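Reading through the C-alpha cells given below for one structure.
Bear in mind that the values in this text are calculations on the coordinates, not laboratory data. All values derive from a computational prediction rather than experimental measurement. Cβ coordinates were reconstructed from backbone atoms using ideal geometry, including for glycine residues, and neighbour counts include every protein chain displayed.
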Amino acid sequence: MPEDFASDKVSRKTRQKEQLETVLDSNRSFRSAQEIFARLRTDGVQIGLTTVYSQLKALEAQGVVEVSRSLTGEATYRKCQIDSHHHHIICRSCGVSVEFTVDAFEAAANEIAREKGFSMISHTVEISGLCQGCSSK
C-alpha cells in the first residue's frame, strides 16, 4: 500500500477516531494503548487493538497526542494540552502528568548544543516523582 494512501486512510475523521479522542480527553494521565483499548471496549466501542495503535500513531504525527515511556519502557499516550513545545512531570504512582515550559531550560539546551557543535536540536524532558495526592498517602 503506498505510504500516502495509508496516511490518508488513518487521518480521516471517523467515529472510532472521535471516540478515541473522547477517551483521551477524559484523562490527564499517560495510558498505554491496551488501557485505551480496554476503556473503549468498556464504553461499547467496536474497535480493534490494531486500529487503536494506528490511530494513536496518526494522532501523534498530527501533534494531537504525545508519547511517553513508562518506567517499564512501554509507550504511553495522552492528548496534548499545550500546543507549543513543552515538557512533562509525571507521577510514578498514579500516572498524572502536568505539562510545563521553562524558558531558561530551553536557552540552556540551545547553548549546550551550540557549544558542542550541534544544530537543529530537539529534546524531550520528562521528570518523574510523586504528585501531591500520592505523596500524602
For the residue pair GLN132 and GLN34, what label-to-label distance in nm results when each label sits 7 Å from Cα along the Cα-to-beta-carbon direction? 3.3
For the range 53-82, which GluC sites (Glu not before Pro) are both in a DSSP coil and crowded by at most 15 other Cβ atoms within 10 Å? GLU74
The chain: relative contact order as a whole-number percent, Cα under 8 Å and 6+ apart: 21
Full extension from ARG15 to MET120: what is 0.36 nm times the residue separation minus their Cα-Cα distance, to one decimal in nm? 34.0 nm
Expected-Rg normalisation [2.2 N^0.38 Å, Cα atoms] applied to the chain: 1.21
Under a point spin-label approximation (7 Å from Cα along Cα-to-Cβ), what is the TYR53-GLN81 distance to one decimal in nm? 2.9
With just the Cα atoms defining each centre, how far is the range 66-83 from the range 11-43? Give it in Å. 13
